[in-house]
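The structure appears right after this line, and notes come after that.
Rule-based calculations on the coordinates, nothing more; no lab input. Treat the numbers as computed from the prediction; the structure is a model and nothing was measured. Note that we place each Cβ from the backbone using ideal geometry, even for glycine, and neighbour counts take in every protein chain shown.
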Number of protein chains: 2
Amino acid sequence: MTTQSKTGTLDRIEHVAISVRDIPSAVAWYTNTLRCKVAYQDASWALLDFDNLQLALVIPEQHPPHIAVTRPGAQSFGPLAAHRDGTRSTYVSDPAGNSVEIMAAD
Amino acid sequence: MTTQSKTGTLDRIEHVAISVRDIPSAVAWYTNTLRCKVAYQDASWALLDFDNLQLALVIPEQHPPHIAVTRPGAQSFGPLAAHRDGTRSTYVSDPAGNSVEIMAAD
């Protein structure tokens, strides 16, 4: 999903991914506890819609926890890999080792 | 900061906090790598403005990594603690142990 920046001057955080042990129980907890809705769910990950961004729940074997930023020129950060949902991205790490996914804006 | 939901039906994620080892080097990396700006910074944490939410960089001794949701009725999740910036919140944990901060909307 690509969403136009409201300001054009700051990057948009497209989704945030956090690790969970079990997708069904995590999805049940989030949808029962908070006002969000399931955009996608399978055995290895789920994507929840919140008002201003998407929260991905992932099992650790599938993806690292990360934040994902959509931006023009994503390829300048590294070779882009194509994903099942049609997005293209590369991962970089901050100085503490946190993963940041740089998603192509087009 | 309280921001009105665009839809009224889904909760807004106000900020996401991730752990870093050193605030100045993390702030330098994020502001040099991505289009964001520093809303607050001290020795133990920093708050970065992105287009659609705020990213908090925290040292592990200060706060756990967490997502923060603003919602009416936050007190139903537990006693609210007042913070230095005027917000009031409580913390709950998802089934995997991830911290979720429930912030009062008023």
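A few points about this structure:
- Placing a label point 7 Å from Cα along the Cα-to-Cβ axis, B:TYR91 is separated from the same position in the other copies by 2.6 nm, shortest listed first.
- Computed from Cα atoms, the angle from the helix A:23-33 axis to the main principal axis of chain A rounds to 80 degrees.
- Per-residue mean of C-beta atoms belonging to partner chains within 10 Å, peptide B:39-50: 1
- Between segment B:61-98 and segment A:43-106, the alpha-carbon center distance in angstrom: 25 Å
- Shielding by partners - mean other protein chain Cβ count within 10 Å, residues of A:57-66: 1
- Remark: chain B is approximated by an ellipsoid whose semi-axes, taken from the C-alpha gyration tensor as √(5λ), come to 24, 16, 12 Å, largest first.
- Structural descriptor for chain A: relative contact order 25 percent, calculated from alpha carbon pairs under 8 angstrom and at least 6 residues apart.
- Sorted peptide list for A:34-44, B:66-76, criterion being average Cβ within 10 angstrom, highest first: B:66-76, A:34-44
- The simple spin-label model puts a point 7 Å past each Cα toward its Cβ; for B:GLN62 and B:THR9 those points are separated by 3.8 nm.
- Average beta-carbon neighbours from other chains, 10 Å sphere, peptide A:72-85: 0
- Distances between placed amide hydrogens fall under 5 Å for A:ARG35 paired with B:ASP11, all partners being 5 or more residues away or on another chain.
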